[in-house]
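Working notes, structure below.
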Amino acid sequence: MSNKRFEKIITGVALSPGIAVARICLLNDGRHSDVPEYTIESKNIVTEIERFYKARATAMQNVIRVAARVRSKIGEAEGGIFDAHVMILEDPQLQEDVEHLIKEKHLNAESAIAETLDNYEVRLLEIDDEYIRERATDFGEIKRRLLDELGEKLVANCGDGECQRGHNRIVVAEELTPQLTVDLDTDSVMGFVTERGGVNAHGAILARALGVPAVSGLSKIRDMVSCGTEILINGTSGEVVLWPRERTVVKIRETEPDQLRMPTTVEPVDGLRVMSNISMPSEIKCAVAMKSEGIGLYRTEIELITGGSDYCEDCFYDSYYKVFCENQGAPIAYRMFDIGSDKKLPGLNIPNERNPALGLRGARLLMKNKDLLKMQARALARVSVHGNVSVTYPMIVDKNQFLKIKQMFNDAISDMEYGQIKHGVMFEVPSACLLAEEIMEVADFGSIGTNDLVQYMFAVDRDNELLVDEFSPDHQVLWKMLELVSAAGKNRDKTITVCGELAGDPRYIGKLIESGVSAVSVSVRMIPAVRTAANEYFKKN
Ligand code: PEP
Ligand code: MG
């Protein structure tokens, strides 16, 4: 590493363990809020039209590239989602409308593109058909891609041209959102540094699942660095070193060896069943390699959000069936889409909420978006023809709500053939936990989501980097709640799994077992550490 500047050490919040040393890829997240708008002189019309066509050609290449990557990482159907974007870019009407605005109104290419695509989007949103309205967001996506090509790039200020969407770099962004995982080459990103975001936010959970070190809570980091700055991050301690000296790099590497991409397998343990949390079908291979005893939580909403707006029952079915086949017969709990709060699906047009974590989210949101619920229910029913399927409903508040959403699921599949489907409840809202006895009379199984349970029990925002110390499981009353829910399952001989981040923390495994927990579901790379902790616990007790 060269040392043009004095090294500077700053400390943020440790999100995902491991060390990384690389140059920065600075993301320009807020780049689409102000579209440059000016009039052009007649003599520049041809050049401006050429700018548009050049941007269109590059945007098209990029969409085709993303489609290929999504196809290989997630699946054929999801890759196909991007074909719609290529079709829009190829549409002669779009080209005609943009050209018209440049020629007749003398608009610059950026504002001609924005005006044309905003118009299309508004017109589709006015149509009284939910499916067509959902397609409207494709135009917003195309607009952003074209504007990116005209200058306001996602990857800002890449003077040397080497910065390719995070490839071999540490990505610096305002916030790590699930959506970013598609735009970046996550297989080769070395680390993440963000201004905002808590340890239990979904972006952080994804970074840990990918095994990529991450630090957040550095509120001014984007003003301090530029694309290409050399940086060291320690995702275990939260330390970030700008312009690190050679000896700092050597020292830190000695004390903290690099995070291995995947730890060594540990055999299953009698007394604690250890399953996997997955977000993408591609994670199933690692889960099987780690001898995971099933999938306790499949966060189906992540691929929905990252896949764009062109979803369909067939696409869902392809993903769910792929996981089913690759899982070699072990059980899978498909969680129904938990959209809302920090997991926004643009096509649903959720209004801006003052308190999104207390707003339209989980079961509540699904019950208001019947078509989406129906599509997912039918896809899962098709999988159940091949073998047992378990379905978990997120953010359930009481027995009535559970019965209602389960009925909606059953109504959605009443005209089709299906196999055995078990219906379970996420225990992550305090009211549901307190009502665990009556809920477990009617539910087939339960899953305790400690991330949201801690958030709602102690009124502590899981996404807020300023509250990391307050977001703690070290409250006796939380453990009483876990005992209560576990007992409600045991009393009826029904499985209760703990699937929040707490379950993947080896320090709490003994305490979980003592609270009556006999099954956990954890991030795939935490399986060996959890099993080792369980073995140690059983040896001592
Ligand atoms: C939880 O809340 O603990 C949970 C497992 O669900 P998610 O983290 O996806 O909200
Ligand atoms: Mg949750």
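How many residues, within the stretch 374-432, are closer than 30 Å to Trp479 by Cβ, among the aliphatic types (A, V, I, L, M) and more than 15 Å from ligand 2 (Cβ to nearest atom)? Please lay out each step first, then the result.
Initial filter on the stretch 374-432 (closer than 30 Å to Trp479 by Cβ): 390-403, 405-406, 422-432.
With the extra rule that they be among the aliphatic types (A, V, I, L, M), the set shrinks to 391, 395-397, 403, 405, 425-426, 429, 432.
Still in the running and more than 15 Å from ligand 2 (Cβ to nearest atom): 391, 403, 405.
Number of matching residues: 3.
Check Met440, Met481 and return the single one that is more than 23 Å from Arg525 (Cβ to Cβ), in contact with a Lys or Arg (Cβ under 6 Å, 6 or more places away or on another chain) and either of a type in the set (Lys, Arg) or touching a residue at least 40 places away in the same chain (Cβ under 8 Å) (or both).
Values: Met481 fails: in contact with a Lys or Arg (Cβ under 6 Å, 6 or more places away or on another chain).
Going through Met440, Met481 in turn, just one is more than 23 Å from Arg525 (Cβ to Cβ), in contact with a Lys or Arg (Cβ under 6 Å, 6 or more places away or on another chain) and either of a type in the set (Lys, Arg) or touching a residue at least 40 places away in the same chain (Cβ under 8 Å) (or both): Met440.
Residue check, Val454 against (1) within 24 Å of Lys368 (Cβ to Cβ); (2) within 16 Å of ligand 2 (Cβ to nearest atom); (3) hydrophobic (A, V, I, L, M, F, W, C), all met but one. Which one?
(1)
Testing Gly387 on (1) buried (at least 19 other Cβ atoms within 10 Å of the Cβ); (2) closer than 24 Å to Ser521 by Cα; (3) of a type in the set (Gly, Ala, Ser), one condition comes back false. Which one is that?
Against the list (1) buried (at least 19 other Cβ atoms within 10 Å of the Cβ); (2) closer than 24 Å to Ser521 by Cα; (3) of a type in the set (Gly, Ala, Ser), Gly387 comes up short only on (1).
Yes/no matrix, rows are residues, columns are (1) modelled with pLDDT of 90 or more; (2) buried (at least 19 other Cβ atoms within 10 Å of the Cβ):
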{"residue": "Glu104", "(1), (2)": "yes, no"}
{"residue": "Ile132", "(1), (2)": "no, no"}
{"residue": "Thr137", "(1), (2)": "no, yes"}
{"residue": "Gly140", "(1), (2)": "no, no"}
{"residue": "Arg145", "(1), (2)": "no, yes"}
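If you check Ala529, Ala534, Ala519, which single one turns out to be among the hydrophobic types (A, V, I, L, M, F, W, C) and either buried (at least 24 other Cβ atoms within 10 Å of the Cβ) or within 16 Å of ligand 2 (Cβ to nearest atom) (or both)? Break it down into steps so the answer makes sense when it comes.
On the way: Ala529 fails: either buried (at least 24 other Cβ atoms within 10 Å of the Cβ) or within 16 Å of ligand 2 (Cβ to nearest atom) (or both); Ala519 fails: either buried (at least 24 other Cβ atoms within 10 Å of the Cβ) or within 16 Å of ligand 2 (Cβ to nearest atom) (or both).
Checking each option against the conditions leaves just Ala534.
Of the conditions (1) outside any loop (DSSP other than H, G, I, E, B); (2) among the small types (Gly, Ala, Ser); (3) at pLDDT 80 or above, Ser188 clears all except one; give me its number.
(1)
Does the stretch 263-286 hold any residues that are within 16 Å of ligand 1 (Cβ to nearest atom), modelled with pLDDT of 90 or more and of a type outside the set (S, T, N, Q), and which are they?
To start, the set of residues in the stretch 263-286 that are within 16 Å of ligand 1 (Cβ to nearest atom) comprises 274-280, 283.
Add one more test, that the residue is modelled with pLDDT of 90 or more, and what stays is 274-278.
Val274, Met275, Ile278, listed by residue number.
Which residues, taken from the stretch 387-409, are in contact with a strand residue (DSSP E or B) (Cβ under 9 Å, 6 or more places away or on another chain), within 19 Å of Phe324 (Cβ to Cβ) and away from ligand 1 (no atom under 16 Å from the Cβ)?
The answer is Asn388, Val389, Phe409.
So which residues in the stretch 301-324 are within 16 Å of ligand 1 (Cβ to nearest atom) and either outside any helix (DSSP H, G or I) or modelled with pLDDT of 95 or more (or both)? Give the derivation first.
Keep residues of the stretch 301-324 that are within 16 Å of ligand 1 (Cβ to nearest atom), which gives 301-306.
Those that are within 16 Å of ligand 1 (Cβ to nearest atom) and either outside any helix (DSSP H, G or I) or modelled with pLDDT of 95 or more (or both): none in the stretch 301-324.
Condition check ((1) in the same structural domain as Lys370 (by TED's automatic domain parsing); (2) within 19 Å of Cys312 (Cα to Cα); (3) surrounded by fewer than 19 Cβ atoms within 10 Å (Cβ to Cβ)) across all residues:
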residue	(1), (2), (3)
Phe82	no, yes, no
His85	no, yes, no
Asp97	no, no, yes
Leu101	no, no, no
Glu115	no, no, yes
Leu124	no, yes, yes
Asp129	no, yes, yes
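I need the full set of residues from the stretch 484-509 which are closer than 15 Å to Leu453 by Cα and free of Cβ contacts under 8 Å to residues at least 24 places away in the same chain, in order please.
None - no residue of the stretch 484-509 is closer than 15 Å to Leu453 by Cα and free of Cβ contacts under 8 Å to residues at least 24 places away in the same chain, so the list stays empty.
When only residues in the stretch 468-499 that are at pLDDT below 95 and buried (at least 18 other Cβ atoms within 10 Å of the Cβ) count, which is nearest to ligand 1 (Cβ to nearest atom)?
Taking the candidates together, the pick is Phe471.
Please go through the stretch 500-516 and give me each residue that is crowded, with 20+ Cβ neighbours inside 10 Å and hydrophobic (A, V, I, L, M, F, W, C), ordered by number.
Leu502, Ala503, Ile509, Leu512, listed by residue number.
Whether any residue in the stretch 465-473 is within 13 Å of ligand 2 (Cβ to nearest atom), in the same structural domain as Leu512 (by TED's automatic domain parsing) and aromatic (Phe, Trp, Tyr) is what I want to check. Steps first, please.
Step one: filter the stretch 465-473 for residues within 13 Å of ligand 2 (Cβ to nearest atom), giving none.
No - not one qualifying residue is present in the stretch 465-473.
Out of the residues in the stretch 412-427 meeting the condition of being outside any loop (DSSP other than H, G, I, E, B) and small (Gly, Ala, Ser), tell me which one is nearest to Glu501 (Cα to Cα). Steps first, answer last, please.
Here is the first cut: in the stretch 412-427, the residues outside any loop (DSSP other than H, G, I, E, B) are 412, 421-427.
So of that shortlist, the ones also small (Gly, Ala, Ser) come out as 412, 424.
Working: Ala412: 32, Gly424: 19 Å.
Out of the qualifying residues, it is Gly424.
Residue by residue, here is whether (1) under 23 Å from Arg462 (Cα atoms); (2) within 15 Å of ligand 2 (Cβ to nearest atom); (3) in the same structural domain as Ala204 (by TED's automatic domain parsing) holds:
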| site | (1), (2), (3) |
| --- | --- |
| Tyr321 | no, no, no |
| Asp338 | yes, yes, no |
| Lys343 | yes, yes, no |
| Glu353 | yes, no, no |
| Pro356 | yes, yes, no |
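Of the residues Ser226, Ser279, which single one is among the hydroxyl-bearing types (Ser, Thr, Tyr), within 29 Å of Thr11 (Cβ to Cβ) and outside the structural domain of Val530 (by TED's automatic domain parsing)? Write out each step before concluding.
Details: Ser279 fails: outside the structural domain of Val530 (by TED's automatic domain parsing).
None of the other options fit; the residue is Ser226.
Tell me, which residue of the stretch 433-451 that is within 24 Å of the chain's Cα centre (by Cα) and more than 16 Å from Gly198 (Cβ to Cβ) is farthest from ligand 2 (Cβ to nearest atom)?
Gly446
Any residue in the stretch 439-462 that is within 13 Å of ligand 1 (Cβ to nearest atom) and of a type in the set (Lys, Arg)?
Within the stretch 439-462 (the criterion being within 13 Å of ligand 1 (Cβ to nearest atom) and of a type in the set (Lys, Arg)), the answer is yes, since at least one residue qualifies.
Does the stretch 325-352 hold any residues that are closer than 17 Å to Tyr298 by Cβ, outside any loop (DSSP other than H, G, I, E, B) and under 17 Å from the mean Cα position of the chain (by Cα), and which are they?
Tyr334, Arg335, Lys343
Pairs needed: first member in the stretch 320-338, over 20 Å from Val274 (Cα atoms); second member anywhere, of a type in the set (Gly, Ala, Ser); C-beta distance under 7 Å; at least 6 residues apart or different chains.
Note: pairs meeting the criteria are Tyr320/Ala379; Lys322/Gly75; Asp338/Gly362.
From the residues in the stretch 187-208 that are within 10 Å of ligand 1 (Cβ to nearest atom) and not hydrophobic (A, V, I, L, M, F, W, C), which one is farthest from the chain's Cα centre (by Cα)?
Asn200
Test Lys291 against the criterion of being in the same structural domain as Phe337 (by TED's automatic domain parsing), surrounded by fewer than 23 Cβ atoms within 10 Å (Cβ to Cβ) and in a helix (DSSP H, G or I), and give yes or no. Lay out the reasoning, then the answer.
Details: in the same structural domain as Phe337 (by TED's automatic domain parsing): yes; surrounded by fewer than 23 Cβ atoms within 10 Å (Cβ to Cβ): yes; in a helix (DSSP H, G or I): no.
Against the criterion (in the same structural domain as Phe337 (by TED's automatic domain parsing), surrounded by fewer than 23 Cβ atoms within 10 Å (Cβ to Cβ) and in a helix (DSSP H, G or I)), Lys291 does not qualify.
The values are calculated or read from the model by the stated rules, or taken from the named source; none is laboratory data. Just so it is clear, the structure is predicted and the values come from calculations on it, not from any experiment. For neighbour counting, all protein chains shown are included, and Cβ atoms are generated from backbone atoms with ideal geometry for every residue, glycine included.
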